Amino acid sequence: MSSSPQLLSPFTFGDLTLKNRVVLAPLTRARAGVERLPNALMAEYYAQRSSAGLLISEAAVVSEQGIGWQNSPGIYNDAQTEAWKQVTQAVHDRDSKIFLQLWHCGRASHSSFRADESLPVSASAIAISNDHIHTPTGKHPYETPRALETDEVAAVVEDYRRAAERAKAAGFDGVEIHAANGYLIDQFLQSKTNHRTDCYGGSLENRYRFLSEIVAAVITVFPSDRVGVRLAPNGIYNDMGSPDYRETFTYVAQQLNALNLGYLHVMDGLAIGFHNLGEPMTLSEFRSVFSGPLMGNCGYTQETAEAAIASGNADFIAFGRPFISNPDLVERFAHDWPLAPEAPLEVWYAFDEKGYADFPAYQAS
C-alpha cells in the first residue's frame, strides 16, 4: 500500500474526474523551435508524464506581443493550433487530462523577440531591475516597457479569448490563465508594477480588473469549471513582490471565488524565492476565502503533498522539477520507489532532445 492514499485518490471537479491528485506543473522547456510549434518530441514528453491525473502544459503565448522566451510554444495561429493536437491526443490516449496555460510575458520580454522590434508592454513603464534576458540576438538587459494605453487593453483580452478558442479546437480539456510569476497579468495585479491612474490602476478593484476581464472572456469559450487561474503571492520571480501582497491576493482570491472556477493554482511554496515582505501566504489562508478546488505548488515532496491534501488545505498538488527527471513520478509515489536525481539546470530550457524525453522510468536493481 502506498504511503500517499490521499494524493493518489481520484478527484472530480466540474465534470472532469482525475485518476489521482498529482498534477504536472506547467514547465517552460523551450523545445518548440523558432516557429513555436509543438512537435512529436513534445507529444512524447507529455505522454510519458500522463500517469498524472492532470497535466498543465508549458505556457503558450497568446500573441506575438506576448512572446518573451526563446523556443516556447504559441497558441495564436492555425499552425500552432493544429500542432497542439498531437500533444492532447497523446495525453488522452493514456487516459489523462490536459489544460493549456495561457501566457503573455508583458515586461518580461525584449524588443528583439518581435519582427517590428516594438517595446514590451506592461501595466506601467517600470523595467525589471535585476538580471538579463536571453533573446534571439543574445543576452540583453531588460528594457523599460511601454504602458498599455487604456484603449489597448481590450485587444489583449481578446487575444486571450481567441487563444482559448484555439485551445478548445486543439483538444485541450480546459485552460489555465497564468496570472503569476511577474508576467503581464501579475504586473497589473501588483502595486509594485502597476502605477496606473486609469480604471486599471490604483485600487485593488482596479488592479484586478484586467484579470477579471480575461476570465470573463475565456469563460465564454470554456465552462468556468474548465478554467483555472494561477497566482504567486510569495514570489520574487521577474522582480516581483509588493508590500500589500497579502491584501492584494486575498482580494483576488475572494473575487475569483464567486466565478465557479475549475481551480485556483497557488504557488505557495518558496522554492524559487520569497520576497520577505512579511509572512508567506499559505494554502490555509486561501482555503479560508476560496471554496473551490485548490492546487498547491512549488517545492512539494510526496510527504508534504499528502499532508496538504489530508489536512484539507489542498485538493491537488502540482509537481515541477521532480517531473523533469521522473516521468513516472506517480508510479514512484505509488510504490514508494526512490526518485531520480534532479535534472541539471542546463537541460531545463535547452533547445534539443537531451534532458527532455530521455529520462528513464524506474528500474528495480
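The values are calculated or read from the model by the stated rules, or taken from the named source; none is laboratory data. Worth saying up front: this structure is predicted, and the values here are computed from it rather than measured. Cβ placement follows ideal geometry from the backbone for every residue including glycine, while neighbour counts extend to all protein chains displayed. Calculation scope for accessible area: heavy atoms of the full protein, side chains included, ligands and nucleic acids excluded. Shrake-Rupley method; radii C 1.70, N 1.55, O 1.52, S 1.80 Å.
Quick look at the values:
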quantity	calculated
Residues that are part of a loop (DSSP other than H, G, I, E, B) and touching a Ser or Thr at 6+ places or on another chain (Cβ under 8 Å), drawn from segment 197-221	ASP198, CYS199, TYR200, GLY201
All positions within segment 117-133 that are surrounded by 13 or more Cβ atoms within 10 Å (Cβ to Cβ) and either more than 19 Å from LEU148 (Cα to Cα) or not small (Gly, Ala, Ser) (or both)	LEU119, PRO120, VAL121, ILE126, ILE128, ILE133
Test: residue in segment 194-201 that is of a type outside the set (S, T, N, Q), at pLDDT 95 or above, under 26 Å from VAL121 (Cβ atoms) and open to solvent by less than 10 Å² (accessible area, probe 1.4 Å)	yes
Residue under evaluation ILE272, criteria (1) open to solvent by 50 Å² or more (accessible area, probe 1.4 Å); (2) among the β-branched types (Val, Ile, Thr); (3) modelled with pLDDT of 95 or more, criterion not met	(3)
Sole residue being in contact with a strand residue (DSSP E or B) (Cβ under 7 Å, 6 or more places away or on another chain) and not acidic (Asp, Glu), chosen from VAL215, VAL156	VAL215
Hits in segment 68-116 - residues which are under 22 Å from TRP348 (Cα atoms), in a loop (DSSP other than H, G, I, E, B) and either open to solvent by 10 Å² or more (accessible area, probe 1.4 Å) or among the polar types (S, T, N, Q) (or both)	TRP69, GLN70, ASN71, SER72, SER109, HIS110
Checking THR248 against (1) closer than 22 Å to ALA310 by Cα; (2) among the polar types (S, T, N, Q); (3) open to solvent by less than 50 Å² (accessible area, probe 1.4 Å), the condition it does not meet	(1)
Cβ-Cβ under 8 Å pairs, at least 6 apart or on other chains, segment 85-103 side farther than 19 Å from LEU231 by Cα, far side open to solvent by 10 Å² or more (accessible area, probe 1.4 Å) and of a type in the set (Lys, Arg)	VAL91/LYS97; ASP95/LYS19; SER96/LYS19
Exclusive hit being modelled with pLDDT of 95 or more and in contact with an Asp or Glu (Cβ under 6 Å, 6 or more places away or on another chain), set SER111, SER122	SER111
Cβ-Cβ under 9 Å pairs, at least 6 apart or on other chains, segment 131-155 side within 15 Å of SER111 (Cα to Cα) and without any contact (Cβ under 8 Å) to a residue 40 or more places away in the chain, far side acidic (Asp, Glu) and surrounded by 15 or more Cβ atoms within 10 Å (Cβ to Cβ)	TYR142/ASP239
Meets criteria (surrounded by fewer than 19 Cβ atoms within 10 Å (Cβ to Cβ) and out of contact with any Pro (no Cβ under 8 Å at 6 or more places or on another chain)) for GLY171	yes
